[in-house]
Every structure is written in structure tokens, then in C-alpha cells.
Amino acid sequence: MRTVKIQTIDSHNFLPLPFDIHPKNDTFDVLQGRDGAVIYLPEGHNPFTDKEYVTAHSGSELDEGFNISPDEFV
């Protein structure tokens, strides 16, 4: 594990990447967890907001206990 320090440049905070980390993407979604963790996820297609995906997987065993209509994900 490596430690980095937040850098502030022109009123923006930056977390530098160590030189040996080579991300496959150049655009990320950023969120902060309740515990303060900063999470960077590669920006991409979210299957859970895709009506076709939800319809195709509706009723599977992973869907037990969830009564969500695919129409809610338009």
C-alpha cells in the first residue's frame, strides 16, 4: 500500500497517482463513503440502469426479495 497526500491547486483538490499505477481508463466517477473513503470507479455503462439488462435478469435468484419493475430504470 502507498500513501498519497491531497494537493490543492487553484482551489481544487487532487490525489496524485503513483508512477507505477497505470489506469485502463482516463475518466472516473468519484464518490465518498460514509467512513470518508474516496472511491474512484472507471466511468462506464451501468447495467442496473439499462432497461434491457433489468428485464433480461428480472426474476433470477439474485432478484429474490426485490420487487422492482424494469420500467423504473428508464
query = What FRET efficiency do you get for L41 and N13 if R0 is 25 Å and r is their Cβ-Cβ distance, rounded to the nearest 0.05?
reply = 0.90
inquiry  = Give me, ordered by chain and number, the residues 5 or more places off F28 or on other chains with an amide H under 5 Å from its own placed amide H.
reply    = E43
task = With θ set to phi - 60°, apply the Karplus curve 6.51 cos²θ - 1.76 cosθ + 1.60 along the range 2-12 and write out the HN-Hα couplings as whole Hz, x wherever there is a Gly or Pro.
result = 10, 10, 10, 10, 4, 10, 10, 9, 6, 6, 10
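We did not get these values from a lab; they are worked out from the coordinates using the rules stated. Fair warning: this is a prediction, and the values are worked out from it, not measured in the lab. Virtual Cβ from ideal backbone geometry, glycine too; neighbours counted across all protein chains shown.
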